[in-house]
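The values are calculated or read from the model by the stated rules, or taken from the named source; none is laboratory data. The structure displayed is predicted, hence computed values, not measured ones. With ideal geometry, Cβ positions are generated from the backbone for all residues, glycine too; neighbour counts draw on all protein chains shown. The area values use the complete protein model at the heavy-atom level, side chains included, leaving out ligands, DNA and RNA. Shrake-Rupley method; radii C 1.70, N 1.55, O 1.52, S 1.80 Å.
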Amino acid sequence: MSPVFAFLTVALFIVTPVAAREEVPVDGAKSSPFSSSTQRDFLPAKEAFRATAWRDDDWVYVGFTIAENYYLHRHKFLLKSLSPGVSFGELDLPPGEPMSHTTLGNINVFYDQVLVSAPIEASDTVTGPLAITVAFQGCSDQGLCYPPEQIELVSPYGSPQAGFATTSPRDTADNSSGAL
């Protein structure tokens, strides 16, 4: 092995960990996507996309409050009942806002807030709260896309949660299948 090659190999092993920790400034700025300050700029998924659920006699509702500069993908919603003997019909979603996504092409997304719902299908009359699973996926306007999320919620019988529209999803014509 030549002495120059050996020197470069050793230098590479020494410099790489130092550069990864950003101890060697590049252009006087620390702008690595791996820096801890950059990672703290993004909210955890639970904070970026806050969900709440409720139900009435015929429908289950899930409302999402979406943090500023974050959005949810319309085509990634799925809803499943965890309550025995209960399933859901076709998921009802508003149209959303069109977006040209760099990797997904033309999609529709939701900013600020979204209310999704599905008809309750049960063999017997359902009383009390329903246990549900909701799957979704969202991104930050700064380029971070979260992996698909799945959360479990309890949807008590009652009125819509504060801040969500009370218009009936049955009045909308833009449904999209998303029941699990």
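Annotations for the structure displayed:
- Normalised by 2.2 N^0.38 Å, where N is the number of residues, the alpha-carbon radius of gyration of region 42-120 equals 1.19.
- Note on region 81-159: Kirkwood hydrodynamic radius from all Cα pairs is 14.9 Å, rounded to one decimal.
- Taking all protein chains as shown and a probe of 1.4 angstrom, Leu43 keeps an accessible surface of around 60 Å².
- Placing a label point 7 Å from the Cα of Cys145 along the Cα-to-Cβ direction, the residues of region 60-80 with a backbone N closer than 11 Å are 73.
- Couplings for region 66-79, taken from phi via the Karplus curve 6.51 cos²θ - 1.76 cosθ + 1.60 with θ = phi - 60°, read 10, 5, 4, 6, 10, 8, 10, 7, 5, 7, 9, 7, 9, 9 Hz in order; Gly and Pro are left as x.
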